Amino acid sequence: MTHPGDLFDLAYLHSMTGGDPDMRDTLLDLLREELPRERNTLLKAVDDEDVHAIFQASHSLKSTLAYTGNRQAMDINTRLESATREGRWGGEEQALVAELVRVIDQLVQALPALVQGVE
Amino acid sequence: MNALPAREQQIHILLVEDDPADARLIEIYLEESGFGDWLIDRAQSIQEALDQLEEQDYAIVLLDLTLPDGTGTENIRRIKSRFPDQNVVVLTGFDERVFGMEAVQQGAQDFLVKGDYDENSLAKTLRFSIERQNFIRRLEETQKIARIGSWEFHPDSGRLILSDQVLALTRPDDTELKDGMPSVELNHLLRRIHRIALSGREVNLDTRMKIPGNGERYFHVQCRLTRTPINQEIVQGILQDVTDRYQTEEMRKSRDLARKSTEIREQFIASISHEMRTPMNAIMGLSNVLLTGSDLAGEKKQMIQAIRDASDILLGIVNDILDFSAIQAGKIQFREEPFSVRSVCRNLEQILAAKVRDKGLSWKMIIEDQVPDQLIGDKLRMSQILFNLLGNAIKFTDAGQVALHVDCSQRTRNKVSLTFRIEDTGIGIPAEAQQSIFEDFNRVKYQNKTYEGTGLGLAITRQLVELQQGRIYLESQVGVGTTFFVHLDFAVEQTLPNGHAVMEPVRSSEGAFRGTILVVEDHKMNQLVARKTLERQWPEVKILMAENGQVGLELLERNDVDLVLMDLQMPVMDGYQATQAIRRHPLARIRQVPVLAMTANAYVSRDDQLHEKGFTDFVLKPFEPDQLFARILQYAPIKTISL
């Protein structure tokens, strides 16, 4: 199993909380709620083959992923957002979604351990 | 006043006279004339006189023209040929006064007719001869300084008298100048111009001659025909070495030509670059359009991709040439404006992300906490420096990592020295190439492969760093990687443009913002972060939260809002539509509210269209707290800020 420390870089999250533990916990809780929800929103848009909805889901994920600090996910998502903003939806973009969801699942799976570690 | 030594004040005369009575008469006249302190040596023949002149300097030679070993003007010629500068006054018999005239023509200062002079005329003649001789010497010195020589040509006799300076200028390596003969080239020149002068025309020309041992020299020559008091024709002329002046003039012409050429080159480069950019933009734009079409696949897509990549490289080359030309012409100017160093680095990160990704490299960026964010300097040039170095790092790295590290080596309240470290795990630079890597048009070769580019990138980068009094250097190991170090100093921004708020450090205790901020953002985490960040900074701030533009407009109408933070992509009504509605609102207080776009897109944030669409400015997402606070303080109405 991948260690949470390899998946998360919480420097940004910490910088935004300014050392406030309550806010940090609130953000981590929100992350636990928002990541799976946004993942599902993305997959629903993919099922509907609604490229604009995929773009919106990807755009929303951009902010969420920034809090995880996971470069790989952020990078894949940036490519997906850029492609779907231009209306592109093909094999390449579908592969991006698959890869993105795989990384998000890893993050979601590791989040509880991370929260405990932080606590 | 210092008295001259007695010996130097004494006038030493050589009397060349074989007749003891005539010699004694001279002495008597001199004693009676009160001529001064004089001393006479005596010679009784030309040979004896020549021997004594070898041994001793004489102010005057009083020369009898009838001597045992020579008569007539032959005597003066013999003395003058050996001692051309010698002051000679000739003594002639009453029937030989014609020889006296000839002697003067041969170089004697004057002549005295025996039996026809007394003590006064003797003293007067001698004094004048000394004065004339001194005057001639001073004139010759002046001519020497001015590199002017003179000559006389007597057409009747064919006699040519060249001054020492003419000989020195035209035969500088000749140790036998005393023969008084012109060089072959000078002789040729003089024959040509004498013909012109003798026809009554004045000669005034510049010419050049090969001078033995002194290369080719330029001369100004003037001469004309004159007549002596006894109506003899003489061609008199001067010759001046004007090589220095000529060369200076040539250099000035070359410099003017070079300047003109540079101006033409700059105009050409600017013009051609502009002309190239326009079609290149079309090629790149249309390539992008084709690439985004869904019907392109396989080989055609690769070909279009190749066209776009080649255009991208070409555009880089054009930009390099333009920059290089501007640096060469000293036309680079650096701005002094506030900027966020983190924003610049993040923009670069986004711009280069695709290249890093395409090469399968990993990317790392560390900006140390102690680096102040708000600096004053030229952010575009700083961005260009880092872009060039990071672009190279990616280009020359096939596997591994490219990293940007920003640290603060020195810091005072007003000034900071930043060190940018650009690291790669690429091919490395051999030690022998590390010195020349910053030179113009230096292109890296590695394993017989030459990488694309003009070879100007690093030269431009170095110039941009050094023109800002910075320093750039590198450490590299072949096969391991390269690290470039850039040291640049910046002023730390202390006050905002309105001059009312101290921005750094921004602390709630120092600058309390008591106004109302409307945050229009659909993302829950961003909403929370925005709210908490602002409330932590300014406990008295009032935050209104809207999840889309429509709700934002409604809140704006119902509340007195000082500033709006507006996300761009939102459901129902996006940030662009909401901002346009704000700017068209019938209530002035709403139309005039500052609206800051919140965007993660570096391209959008650089786009002037943001301003055209009604946004006051932008803040980048993810938020950089200092930048966010600074922007709010910058644009929020002054009445809401208290210190």
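Remarks
- Acute angle (nearest 10 degrees) that the helix B:20-33 long axis makes with the longest principal axis of chain B, alpha-carbon atoms: 60
- For chain A: relative contact order, % (alpha-carbon pairs under 8 angstrom, 6 or more apart): 35
- Between B:GLU554 and B:ARG24, the distance separating the two model label sites (each 7 Å from Cα on the Cα→Cβ line) works out to 14.8 nm.
- Förster radius 60 Å - calculated FRET efficiency between B:ALA354 and B:LYS144 (Cβ-Cβ, nearest 0.05): 0.20
- Solvent-accessible surface (1.4 Å probe) assigned to A:HIS14 amounts to roughly 80 Å².
- Distance (nanometres) between label positions extended 7 Å along Cα→Cβ at B:GLN10 and B:PHE334: 7.6
- Length added when fully stretched, B:ARG127-B:GLN401, from 0.36 nm per residue minus Cα-Cα: 88.9 nm
- Rounded to the nearest whole Hz, the Karplus-based 3J(HN,Hα) values (6.51 cos²θ - 1.76 cosθ + 1.60, θ = phi - 60°) of region B:195-206 follow the sequence 4, 5, 5, 5, 7, x, 9, 7, 9, 8, 8, 9, with x at glycine and proline.
- Most positive-pole-ward Cα, A:MET16, B:SER121, B:GLN86, against dipole of the protein assembly as shown from beta carbon charges: A:MET16
- Computed FRET value (nearest 0.05) for B:ARG589 with A:ASP50, which takes r as the C-beta separation and R₀ as 45 Å: 0.70
- Degrees, to the nearest 10: A:51-68 long Cα axis against longest axis of chain A: 20
- Across chain B, the relative contact order, built from alpha-carbon pairs under 8 Å that are at least six residues apart, equals 6 percent.
- Antiparallel %, DSSP beta bridges [both residues in chain B], to 5: 60
- Alpha-carbon spread of region A:4-111, three principal axes, descending order, Å: 43, 23, 21
- Principal-axis analysis of the Cα atoms of chain B puts helix B:46-55 at an angle of about 40° to the longest axis.
- Stretching B:ILE40 away from B:ASN134 to a fully extended chain increases their span by 31.8 nm, per 0.36 nm per residue minus the current alpha-carbon distance.
- Rolling a 1.4 Å probe across the protein heavy atoms gives the protein assembly as shown an accessible surface of 51 Å² per residue.
- Per-pair calculated FRET efficiency, R0 = 51 Å: A:ASP25 and B:THR248 via Cβ, rounded to 0.05: 0.05
- Cα-based convex hull volume of region B:337-492 per residue, rounded to whole Å³: 105
- By DSSP, the beta bridges lying fully in the protein assembly as shown are antiparallel in about 60 percent of cases.
- DSSP-defined antiparallel bridges as percent of all bridges, region B:6-141, nearest 5: 10
- Accessible-area value, B:VAL242, 1.4 Å probe, nucleic acids and ligands omitted, Å²: 10
- For chain B, the normalised intensity computed at q = 0.05, 0.06, 0.12 Å⁻¹ comes to -0.55, -0.62, -1.28 (log10 of I(q)/I(0), Debye sum over alpha carbons, equal scatterers, no solvent).
- Label-point separation, B:GLN267 to B:VAL478 (7 Å along Cα→Cβ), nm: 4.8
- Volume of the Cα convex hull of the protein assembly as shown, divided per residue and given in Å³: 312
- Share of pairwise Cα separations in region B:147-241, more than 16 Å, in percent: 52
- In sequence order, calculated HN-Hα J values of region B:421-437 (Karplus, 6.51, -1.76, 1.60; Hz; x Gly/Pro): 10, 10, 10, 9, 10, x, 5, x, 10, x, 3, 5, 9, 6, 6, 8, 5
- Rg of the Cα atoms in region B:46-115, relative to 2.2 N^0.38 Å, amounts to 1.00.
- Plainly put, region B:6-141 has a radius of gyration that is 0.92 times its Kirkwood radius, both from alpha-carbon atoms, as the Rg/Rh ratio.
- Summing Cβ point charges (Lys, Arg +1; Asp, Glu -1) relative to the Cα centre of chain B gives a dipole of roughly 4200 debye.
- The 1.4 Å probe gives accessible areas that order A:LEU30, B:LEU418, largest first, as A:LEU30, B:LEU418.
The values are calculated or read from the model by the stated rules, or taken from the named source; none is laboratory data. Here the structure is a predicted model, which means the values were calculated and not measured. With ideal geometry, Cβ positions are generated from the backbone for all residues, glycine too; neighbour counts draw on all protein chains shown. Just so you know, the surface numbers come from the protein's heavy atoms only, side chains and all, with ligands and any DNA or RNA stripped out. Shrake-Rupley method; radii C 1.70, N 1.55, O 1.52, S 1.80 Å.
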